[in-house]
Amino acid sequence: MIFDNIEDFAAAIAPMQALAGLDLGEKTIGVAVSDSLRRVATPLETIRRKKFTLDADRLLAIIENRAIGGVVLGLPRNMDGSEGARCQSTRAFARNLSNLTDLPITFWDERLSTVAAERALLEADTSRKRRSEVIDHVAAAYILQGILDRMQHLEGKT
């Protein structure tokens with residue numbers, strides 16, 4: 001099921017299950033996962049995109065192997081907050097994925113996540129070659145950490 005509201009998404013996830021964060025690109029999908037307490041996002045891998053069925057098979061294998069309880073997709077809004085063609089593509093991916101799994105799926109505004117990931121890798125003195133290898137799943141971790149922090153904030157209000 002796809003949720004546009006973070007509160008509804010959080011309520012739909014079973015306790016003590018990790019989340020997966022995805023940074024969808026045209027050529028790659030960055031994947032990050034959280035711990036079961038949903039405190040820390042960790043970059044996992046970058047999937048080279050082929051076609052949806054193959055990409056989805058790899059994602060579903062990760063979901064099963066890691067006991068993932070929900071999926072967060074970075075939503076690439078324009079800088080003015082509007083949604084363009086890339087957002088439509090991300091929403092279509094989510095709809096197609098939701099046909100293959102009952103897990104809750106939501107979106108997180110990913111504006112500047114790649115910029116933040118690039119900056120962190122530069123600060124860590126990562127080589128250009130290594131940055132290009134890991135940037136997508138590091139960006140996915142930024143996306144996932146954003147929603148984990150938001151969910152922590154929501155829990156603190158209750």
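The values are calculated or read from the model by the stated rules, or taken from the named source; none is laboratory data. Predicted model only: the values in this text are computed from it and were never measured. Here the Cβ is made from the backbone with ideal geometry for all residues, glycine too, and neighbour counts use every protein chain on show.
Surrounded by 15 or more Cβ atoms within 10 Å (Cβ to Cβ) and within 17 Å of Ile143 (Cα to Cα), is that true of Gly69?
For Gly69, the condition - surrounded by 15 or more Cβ atoms within 10 Å (Cβ to Cβ) and within 17 Å of Ile143 (Cα to Cα) - is met.
Table: residues versus (1) out of contact with any strand residue (DSSP E or B) (no Cβ under 9 Å at 6 or more places or on another chain); (2) within 19 Å of Thr90 (Cβ to Cβ).
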residue: Ala14; (1), (2): no, no
residue: Ala20; (1), (2): no, yes
residue: Glu26; (1), (2): yes, yes
residue: Val31; (1), (2): no, yes
residue: Arg39; (1), (2): yes, no
residue: Thr46; (1), (2): no, yes
residue: Thr53; (1), (2): yes, yes
residue: Arg58; (1), (2): no, yes
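Among the numbered conditions (1) among the charged types (D, E, K, R); (2) out of contact with any helix residue (DSSP H, G or I) (no Cβ under 7 Å at 6 or more places or on another chain); (3) without any contact (Cβ under 8 Å) to a residue 60 or more places away in the chain, the only one that Asp4 does not meet is (3).
Quickly run through segment 22-52 and pick out the residues that are under 10 Å from Ile68 (Cα atoms), crowded, with 21+ Cβ neighbours inside 10 Å and not hydroxyl-bearing (Ser, Thr, Tyr). Walk me through it before giving the result.
Within segment 22-52, the subset under 10 Å from Ile68 (Cα atoms) is 33-36.
Still in the running and crowded, with 21+ Cβ neighbours inside 10 Å: 33-34.
Matches in segment 22-52: Val33 only.
Note on segment 72-86: among residues that are in a loop (DSSP other than H, G, I, E, B) and touching a helix residue (DSSP H, G or I) at 6+ places or on another chain (Cβ under 7 Å), the one that is modelled with the lowest pLDDT is Arg77. Cβ separations smaller than 9 Å between residues 6+ apart or across chains give the following pairs from segment 140-151 residues that are free of Cβ contacts under 8 Å to residues at least 40 places away in the same chain to residues that are buried (at least 20 other Cβ atoms within 10 Å of the Cβ) and aliphatic (A, V, I, L, M): Gly146/Ala41; Gly146/Val72. Each residue in segment 113-158 was checked for being at pLDDT below 80 and either under 22 Å from Ala92 (Cα atoms) or crowded, with 21+ Cβ neighbours inside 10 Å (or both), and 6 pass.
Determine whether segment 24-33 contains at least one residue that is farther than 27 Å from His153 by Cβ and without any contact (Cβ under 8 Å) to a residue 60 or more places away in the chain. For segment 24-33, residues farther than 27 Å from His153 by Cβ and without any contact (Cβ under 8 Å) to a residue 60 or more places away in the chain: present. Summed over segment 1-57, residues that are part of a helix (DSSP H, G or I) and hydroxyl-bearing (Ser, Thr, Tyr) total 1.
May I ask you to list the residues in segment 28-55 that are among the charged types (D, E, K, R) and in contact with a Lys or Arg (Cβ under 6 Å, 6 or more places away or on another chain)?
Our first condition is that a residue be among the charged types (D, E, K, R); within segment 28-55, this holds for 35, 38-39, 45, 48-51, 55.
Once the filter is applied, which keeps residues that are among the charged types (D, E, K, R) and in contact with a Lys or Arg (Cβ under 6 Å, 6 or more places away or on another chain), segment 28-55 yields Arg49, Asp55.
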